[in-house]
Amino acid sequence: MKIHTYEKLWLGAAMVLIVGFIATITYGSVGLGITMIGDDEPAIEPDALDEDERFADPRVEHVGENEYEAYVVARTFLFQPDPIEVPANSEVTFYVTSTDVIHSFSVVGTNTNTMVIPGEISTMTVELDEPGEHGVICNEYCGSGHHNMEGELHVVPEDEFDMTELEVEADDEVAEGDEVALNVSIENGMLDDLETTIEAEIGEETFEEDVTVEGDSTYETTITVDAADLGEGDHDWSVTVDDYEDSDTVTVVDELEDDGDDENDGGDGDE
Amino acid sequence: MSNTFVDAYPRQSRLIRQAFLTSFVALGVGAFFGLLQALHRTDIWRPIESSTYYTVLTGHGVFLVVSFTIFFLVGVYQWAVTESLEREPVDMRFTWFWYGAMVFGTLLAAIAILAGFTDAIDISADVLFTFYAPLQGHPLFYIGLVIFVVGTWLAGADWFRTWWAWTKDNPDKRIPLPTFMVLTTMIMWYISSIGVAASIILFILPWSIGLIESLNPTLTRTLFWYFGHPVVYFWLLPAYLLWYILLPKLSGGRLFSDPLARVVFILFVLLSTPVGIHHQYLDPGIAEGFKYIAMTNTMFLLLPSLLTAFTVVASMEHGARQRGGTGYLGWLKALPWREPAFTGMALAGLVFAFGGFTGIVNAGMNINYLVHNSLWVPGHIHTQVGTAVALTFMAGSYWLIPQLTGNRLVGRGVALFQVLLWFVGIVFMTNSMYRGGLIGMPRRTAEPEYDGFEYEIAAGSVGELNVQLALGGVLLFVSALLFLSLMLLTLFNNDSEPIDERTIPAPLSGPEDSPAVLDNLKLWVAIAAVLVVLAYVVPLASIASRGGLFGPDVSPFPVSLETIVSVQFITTVAESLLANLGR
Ligand code: HEM
Ligand SMILES: [Cu+2]
Ligand SMILES: [Cu+2]
């Protein structure tokens, strides 16, 4: 075959260029360890996510010193959890799956970007160094509300981050002869122990208790006061643990109306 | 006595005119939808609800990259085969039959899409031109697509048949270059469109009718992309044909090298298909090793386009020097810049070169994560199919339509303005799209501005990007209207004057300079098939065994133990290779 000299030169240059590109990208993926979405996780049944240990309750988990795992579910037209909160200077592995159609999980302006396909779990590990708030969008068309599908990723300064959950249960109405009981439960999602103080107020009475909640566990305690000490009428109560507070009102009455059913749980709410 | 194509082949001209007409109707509707999108996204004019935006976008995609491009392709290829073999189809009724099938298929799909605008009819197909399941459109949409594709298969069969008839009369001749290009394109098309046909016929259509309960979304998506990359070359190769056959002549010279042109088309046959997974770099459930293989193949696919750049520029330079051009770059001035057909194609080539570099960015696996599904991608789409192809088709029409009608082109000056306007429009629109993509603006969305965050933009502002996108969109729309008007006027322009000679000068280096093996189509089919098998059998088997052939609900397809073992074996080998590279 007759090939012009310039053609040969061009051909040579083209091949060098191509091999150069391949080499650069190969270096990027193996040398620099820029990883891609792969097939690390086994397939999953998209209709049965609520039976799946990881995705039934979409959440962030603390799994190692600075390591976190986020289990995220994408569905038309939202992400769960929203916002996703993690501390700065952490390494977060996202596990994302879909219950319905194909979506994406894309942290705007970054290369944290993956397709989310029902039946598959996308995993990616990201170093989040700087605190800040990022938008999360779905950039794969998923139906008529696609443009409304957004979420947020909050990277919280380390010293402001915790995974504490406070829950208080108390009755709405208590008979004068009984005790007003605040059932406090503090969940510590971090692996380290949580040293904190429970401060509570019921009417005029105040309580304080120093507690240590072990890592990845829940501490429960009950604060009681005699209803008689409070006297008949409405009494506000509140429980505070670090930045979390739960509050409500209890009514002390002469006698409970329907005796048959005093399993009347009232004040709830978590924060 | 004029010597136009229509004088020589009036029956062929009628068919080709018909194909172009269909193509141009699709262009008109598609361009109008494009305008709506450009103004809706930027919140300048929103005559429709945002939820209807996706009906428009489906129409834009389907009418432009299925109807406009492929109807134009069959017109050009019918012209190329007839002209270069100097021969008509064996049976013209068959030719009209495939054209009719393509039109019928298009109409069915169009009805399914357009019915989405009204609630009165309970039909819609807002699934975009990629129709990723489990999004579901009306069965009519899928049936229409299948009939359309079958029509193109028959068109290819028709061209092969003409060529076989020709070889009986010309046993020892080399395949004329234009026919060679047509046949190789169609081989690539047969190999690749099998994927989308399988995806629709085996899975999506039965599922949309309710014959099967579920499907495996990764599998149908992978089958789509098996076809989805070669289809971009299906759009591009008729433009390449015009660059190789017509552009050198328009420049005043002749093609630089016939052998190299053949090599280029063979490379497309071999490499277009085993790369589709590069559209799935971000897909879960596909091993990184497969993505890596697709990436390397994709990079090699640059080669035919780089070679084309060389040949096209060399042919233009030769033409310019024939016209008296001199100097290192001074010859550029001697090119026929006043000729809209030439200038349009030259600008299209320029935009293509730029768009090619953005394509390399997409192809780089890790960089892809930054731009995947961002507005950057339609930026790339509009430089490539939206300009390299579309502008070449429009420019080519300025030369072809007079040949097919015997009528002089109306408004040469306006035509020149039209191609320049397209160029300016595309610069504005894609500049905005590329930059918008880099700050994370998504594609395929009615409202790219969100409540929860604002884009961080280093230079300029989102407002300025919006203005550029809308301005570019308006200019493009006006340009498309001008083009369509000129075509219509030319069609009815009976005061025909002598028009350009239709003969194509022989290449500087003819087919006799190349080994005959280049024309051995069977050999290339065989090698292409092997490459496809190597690139796809294992990924497809792995996807089907992970998620079930018909999805997780149906008991998985009995993949034999051997396949599973070999899948694991090959993945392990690929992974350990990659891991070793890393050390
Ligand atoms: C009048 C000129 C045109 C205008 C104003 C225009 C405008 C647009 C806009 C704004 C988008 C982005 C939509 C989105 O992602 O939300 C888009 C997408 C697209 N355009 Fe165009 N366009 C034009 C011509 C063309 C041409 C000539 C072609 C091809 C031959 C084309 C092919 C496409 C494709 C394939 C997409 C992607 C569709 C999808 O994501 O499903 N466009 N166009
Ligand atoms: Cu979406
Ligand atoms: Cu591609």
(request) From A:Gly143, A:Gly132, grab the single residue that is near ligand 2 (Cβ under 10 Å from one of its atoms) and either farther than 17 Å from A:Arg75 by Cα or modelled with pLDDT under 95 (or both). (result) A:Gly143
(request) With respect to B:Glu501, determine if the residue is open to solvent by 40 Å² or more (accessible area, probe 1.4 Å), within 13 Å of another protein chain (Cβ to nearest Cβ) and at pLDDT 55 or above. (result) no
(request) Quickly run through the range A:107-131 and pick out the residues that are within 19 Å of the chain's Cα centre (by Cα), more than 7 Å from chain B (Cβ to nearest Cβ) and either closer than 16 Å to A:Thr35 by Cα or free of Cβ contacts under 8 Å to residues at least 24 places away in the same chain (or both). (result) A:Thr112, A:Thr123, A:Met124, A:Thr125, A:Val126, A:Glu127, A:Leu128
(request) Please specify each residue of the range A:147-160 satisfying the condition of being buried (at least 19 other Cβ atoms within 10 Å of the Cβ), out of contact with any Phe, Trp or Tyr (no Cβ under 6 Å at 6 or more places or on another chain) and more than 7 Å from chain B (Cβ to nearest Cβ). (result) A:Leu153, A:Val155
(message) Given the criterion within 19 Å of the chain's Cα centre (by Cα) and either outside any helix (DSSP H, G or I) or within 14 Å of another protein chain (Cβ to nearest Cβ) (or both), identify the matching residue among B:Leu242, B:Leu306, B:Leu255.
(response) B:Leu306
(request) Please specify each residue of the range B:404-446 satisfying the condition of being more than 14 Å from chain A (Cβ to nearest Cβ), β-branched (Val, Ile, Thr) and surrounded by fewer than 22 Cβ atoms within 10 Å (Cβ to Cβ). (result) B:Val410, B:Val414, B:Val424, B:Val427
(message) Looking for something touching a helix residue (DSSP H, G or I) at 6+ places or on another chain (Cβ under 6 Å) and in a helix (DSSP H, G or I) - is there at least one such residue anywhere in the range B:322-330?
(response) no
(request) Pick out, from the range A:50-146, the strands (runs of 3 or more DSSP E) lying fully within it that include 1 or more residues that are open to solvent by less than 20 Å² (accessible area, probe 1.4 Å), touching a helix residue (DSSP H, G or I) at 6+ places or on another chain (Cβ under 6 Å) and within 24 Å of B:Asn366 (Cβ to Cβ). (result) A:113-116
(request) Among residues belonging to the range A:161-205 that are free of Cβ contacts under 8 Å to residues at least 24 places away in the same chain and touching a strand residue (DSSP E or B) at 6+ places or on another chain (Cβ under 7 Å), point out the one that is surrounded by the most Cβ atoms within 10 Å (Cβ to Cβ). (result) A:Asp193
(request) Take the range A:17-49 and flag every residue that is within 22 Å of the chain's Cα centre (by Cα) and either open to solvent by less than 30 Å² (accessible area, probe 1.4 Å) or under 26 Å from B:Leu301 (Cα atoms) (or both). (result) A:Ile37, A:Ile44, A:Pro46, A:Ala48, A:Leu49
(request) Output the qualifying pairs, or none if there are none: Cβ atoms under 8 angstrom, residues six or more apart or on different chains, first residue in the range B:201-223 and within 13 Å of chain A (Cβ to nearest Cβ), second residue hydroxyl-bearing (Ser, Thr, Tyr) and open to solvent by 10 Å² or more (accessible area, probe 1.4 Å). (result) B:Pro217/B:Tyr132; B:Thr220/B:Tyr132; B:Arg221/B:Tyr132
(message) Six or more apart or on different chains, Cβ atoms under 6 Å: show the pairs whose first residue is in the range B:458-482 and in contact (Cβ under 8 Å) with a residue 24 or more places away in the chain and closer than 10 Å to B:Trp422 by Cα and whose second is aromatic (Phe, Trp, Tyr) and away from ligand 3 (no atom under 16 Å from the Cβ).
(response) B:Gly472/B:Phe428; B:Ser479/B:Trp422
(request) Of the numbered conditions (1) within 16 Å of ligand 2 (Cβ to nearest atom); (2) open to solvent by less than 20 Å² (accessible area, probe 1.4 Å), B:Glu449 fails exactly one; give the number of that condition. (result) (2)
(message) Quick check on my filter: what residues within the range A:61-106 are within 13 Å of A:Gly151 (Cβ to Cβ), among the hydrophobic types (A, V, I, L, M, F, W, C) and more than 17 Å from the chain's Cα centre (by Cα)?
(response) A:Phe77
(request) Could you please find all residues in the range B:7-34 being buried (at least 21 other Cβ atoms within 10 Å of the Cβ) and either within 16 Å of ligand 3 (Cβ to nearest atom) or among the aliphatic types (A, V, I, L, M) (or both)? (result) B:Leu15, B:Ile16, B:Ala19, B:Ala26, B:Leu27, B:Ala31
(message) Looking for something away from chain A (no Cβ under 12 Å), within 16 Å of ligand 1 (Cβ to nearest atom), modelled with pLDDT of 95 or more and under 30 Å from B:Val419 (Cβ atoms) - is there at least one such residue anywhere in the range B:336-344?
(response) yes
(message) Quick test for you: out of B:Val150, B:Val146, B:Val81, B:Val66, pick the one residue that is modelled with pLDDT of 95 or more, open to solvent by less than 10 Å² (accessible area, probe 1.4 Å) and either β-branched (Val, Ile, Thr) or under 21 Å from B:Ile191 (Cβ atoms) (or both).
(response) B:Val81
(message) Here's a check for you: in the range A:45-73, which residue that is more than 12 Å from every other protein chain (Cβ to nearest Cβ) and among the small types (Gly, Ala, Ser) is farthest from A:Pro157 (Cα to Cα)?
(response) A:Ala56
(request) Would you mention how many residues in the range B:420-449 are touching a His at 6+ places or on another chain (Cβ under 8 Å) and within 8 Å of ligand 1 (Cβ to nearest atom)? (result) 6
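The values are calculated or read from the model by the stated rules, or taken from the named source; none is laboratory data. Keep in mind that what you see is a predicted model, and the values were worked out from it rather than measured. Backbone-built Cβ (ideal geometry, glycine too); neighbour counts: all protein chains shown. Accessible surface areas use protein heavy atoms only, side chains included; no ligands, DNA or RNA. Shrake-Rupley method; radii C 1.70, N 1.55, O 1.52, S 1.80 Å.
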